[in-house]
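Below is one structure, written out as structure tokens; comments come after it.
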Protein chains: 2
Amino acid sequence: MVRQVPIAGVGMTPFGKSPERTARELFGDAASEAIADAGIEPAAVEEVFYGNFMGEFAEGQGHQGPMAAEAAGVTAPATRFDSACASSGAAVRFGARAVARGDADVALVGGAERMTNLSTADGTSALAAAADALWEVRAGVTFPGAYSLMANRYFHEYGGGREELAHVAVKNHENAVENELAQFQRSIEVEDVLEAPTVCSPFGLYDCSPMSDGASAAVLVSEEYAEEHGLETPVAITGTGQGSDGLALHDRASMVETPAARRAGERAFADAGIEPADVDVAEVHDCFTIAEVLALESLGFYEPGEGLAAAREGETTADGELPVNLSGGLKAKGHPVGATGCAQISEMTKLLRGDHVNSDAVADAEVGVTHNAGGTVASCVVTVLEVMG
Amino acid sequence: MVRQVPIAGVGMTPFGKSPERTARELFGDAASEAIADAGIEPAAVEEVFYGNFMGEFAEGQGHQGPMAAEAAGVTAPATRFDSACASSGAAVRFGARAVARGDADVALVGGAERMTNLSTADGTSALAAAADALWEVRAGVTFPGAYSLMANRYFHEYGGGREELAHVAVKNHENAVENELAQFQRSIEVEDVLEAPTVCSPFGLYDCSPMSDGASAAVLVSEEYAEEHGLETPVAITGTGQGSDGLALHDRASMVETPAARRAGERAFADAGIEPADVDVAEVHDCFTIAEVLALESLGFYEPGEGLAAAREGETTADGELPVNLSGGLKAKGHPVGATGCAQISEMTKLLRGDHVNSDAVADAEVGVTHNAGGTVASCVVTVLEVMG
């Protein structure tokens, strides 16, 4: 980036089922926590960048930017970003850009999603609006189906099967056991994954992230503002990248590659001036177990076809070479879609500054990366966070 | 702005009823026209900023950023902005910012909306998602109702009535007569407005903008890029401003003021280094006749309570002191909501560079302003365009 963007504060509601709470209530909680964590007043916020995906379906509420600002107690200009499940990743990116470029000294970024007030069928249908409505959804494709196509093709091209994938879910559940914000604070075994009811072959229940309600927020400030106001900002955003691809999976040259993520990663790493090998810890978008595998490959941590072994071999566990999804990931932390991207930022910030329950696993970490995807990775935002020197 | 942002090309579909055409088809047309008008190749586009409001309801399609990029034939990072009826105004603002700040040399901005494939009732219901779903829509408020409250309160505070408002509609219809892109290319009389069926008192049919399908686009480039590639860019964006307010009308201190527009205008004028008195021509968000009145007051062209006289006295007609909505405005040009903000940019660019059918009315104009509002002006984006010296 032109300049690094210090993270002054982060906040996140517990993820899980709270169907009676509105998105505005959820975001109000997360934003208030982030603002308090930053040690600023709401009035100091100069612009709001907010992600939400399915508010039209869940609450009949579009136009959620002003709603989010109001919930946070600020009157600054506010915009809603929709990049499907990468919505608050996009919000973070635009907020970081605004601060890096001097358009704002204090930005409130985040997102919220209310999902569990819908039935699972209605929720699945709402989520499908992130796929190609014309060419995929009309043919009956929803996201478990789309990602299962990718998983089956992966097995076809590189070998492996359900058991290898299961290790991704087992690892992420294990990471969530002590995380009080996570939806599922319990460990599971490979057999649990293999014996779970089938959702869409090869996926069983534990291969899929859940429906969740929740919100996330962060306060980004300029270095000048942080210094002038004596804010503690041990972690900063040092690079961002975004990539896009066609909405429909069938238009992709390969069903086991996600070029939008590759491009987002390359841009983010170049922006931060780092290489994949410099990364100490990552939060990636494991909406389905196969998605974590593809994410690790697209970011250059593994060669194509080699990512499946990562979890099985223990390379990405808490004490592995590259801990991935120490928060529990979307699988176990939960996946309120519009909140997920900034929740990765919130969790990574805590991991790097030392106040996350799993911080001990990455005590010496200096560089963290988040990977937030929308649809079948038709959108992707990658963010680099670093401990400030 | 830090730097002015040349407008290299603009494009716009005809606005009107084309219920069989998808938003992606519409945007593909507008984007292709803008790209051809700019004299660039699609591959030169470095980022896409796209506005859409009700795609979830009209087509079951969210996540429209990648879809828009694909329709335009580009693979650049693409983001969908939802600021209700100010969605593509927001897209233009973020695109202009990115170019002004050096994040991109070539940005494709625009928006699209498909509306008339829905019934009027379903369309009205979809639009209501821009209001406060919890506190307004549940109580039965839709937008004709919300704006009628503002109009009645205006009459109560300042006097005047339906006949004064009618002049706004008459003027905007008159401006659209020769505009081949406009939905209603015919003039009306004050009696037509007064005798039209009531939609919601004091509004008759002609006080309300129509349901429309359509798309708009513009190519924004850096000055360096324009020079290097020999592009003709007679008009540039020189300032932008955005403002937000609470979603619900009942929370506003006054129902006849739109502070989000006032703040957006002040910021845009300061950004461009101009005063309201410097403005030669304006396109404002006349979703209802009263909305044009409030827009002119909030931008500082008229004192509170004095805007209603503007149209009646002929001050804002094509040969008035400050021509307003020479395109026909939302009333007569049409209002495919997600396309409207960038359509204002497209029309204003043509007005200022001399190739709009109504350019003769503003042959000496150097400064144009667009005002694009969302909801009951809970969102507003104001953009300043100037003839490049």
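The values are calculated or read from the model by the stated rules, or taken from the named source; none is laboratory data. On a predicted model such as this, the values are computed, not experimentally measured, just so you know. Note: ideal-geometry Cβ built from the backbone for every residue, glycine included; neighbour counts use all protein chains shown.
Numbers at a glance
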{"item": "Some residue of region B:72-88 being modelled with pLDDT under 95 and either touching a helix residue (DSSP H, G or I) at 6+ places or on another chain (Cβ under 9 Å) or under 21 Å from residue B:340 (Cα atoms) (or both)", "result": "yes"}
{"item": "Matching entry among B:41, B:20 (being free of Cβ contacts under 8 Å to residues at least 40 places away in the same chain and more than 10 Å from chain A (Cβ to nearest Cβ))", "result": "B:41"}
{"item": "Any chance residue A:226 is outside any strand (DSSP E or B) and not β-branched (Val, Ile, Thr)", "result": "yes"}
{"item": "Of residues in region B:12-23 being of a type outside the set (S, T, N, Q) and surrounded by fewer than 24 Cβ atoms within 10 Å (Cβ to Cβ), the one farthest from the chain's Cα centre (by Cα)", "result": "B:20"}
{"item": "Sole residue being away from chain B (no Cβ under 13 Å) and crowded, with 24+ Cβ neighbours inside 10 Å, chosen from A:26, A:118, A:108", "result": "A:26"}
{"item": "Some residue of region A:42-53 being more than 20 Å from residue B:251 (Cα to Cα) and over 24 Å from the mean Cα position of the chain (by Cα)", "result": "yes"}
{"item": "Answer residue from region A:244-268, given it is buried (at least 21 other Cβ atoms within 10 Å of the Cβ) and farther than 14 Å from residue B:75 by Cα and is farthest from the other protein chains (Cβ to nearest Cβ) among those", "result": "A:256"}
{"item": "Matching residues in region B:137-167 - criterion: being touching a helix residue (DSSP H, G or I) at 6+ places or on another chain (Cβ under 7 Å) and not in a helix (DSSP H, G or I)", "result": "B:142, B:160, B:161"}
{"item": "Number of positions in region A:64-75 that are more than 20 Å from residue B:78 (Cα to Cα) and either at the interface with chain B (Cβ under 7 Å from one of its Cβ atoms) or crowded, with 24+ Cβ neighbours inside 10 Å (or both)", "result": "8"}
{"item": "Checking residue A:89 against (1) within 12 Å of another protein chain (Cβ to nearest Cβ); (2) surrounded by fewer than 24 Cβ atoms within 10 Å (Cβ to Cβ); (3) not acidic (Asp, Glu), the condition it does not meet", "result": "(2)"}
{"item": "Residues within region A:343-361 that are out of contact with any helix residue (DSSP H, G or I) (no Cβ under 6 Å at 6 or more places or on another chain), of a type outside the set (D, E, K, R) and part of a helix (DSSP H, G or I), tallied", "result": "7"}
{"item": "Of residues in region B:92-104 being more than 7 Å from chain A (Cβ to nearest Cβ) and more than 22 Å from residue A:245 (Cβ to Cβ), the one surrounded by the fewest Cβ atoms within 10 Å (Cβ to Cβ)", "result": "B:102"}
{"item": "Boolean, residue B:84 is within 11 Å of chain A (Cβ to nearest Cβ), within 22 Å of residue B:330 (Cβ to Cβ), out of contact with any Leu (no Cβ under 6 Å at 6 or more places or on another chain) and not acidic (Asp, Glu)", "result": "yes"}
{"item": "Test: residue in region A:302-316 that is under 18 Å from the mean Cα position of the chain (by Cα) and buried (at least 24 other Cβ atoms within 10 Å of the Cβ)", "result": "yes"}
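Condition check ((1) modelled with pLDDT of 95 or more; (2) crowded, with 23+ Cβ neighbours inside 10 Å; (3) away from chain B (no Cβ under 14 Å)) across all residues:
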position	(1), (2), (3)
A:123	yes, no, no
A:127	yes, yes, no
A:157	yes, no, yes
A:166	yes, yes, yes
A:171	yes, yes, yes
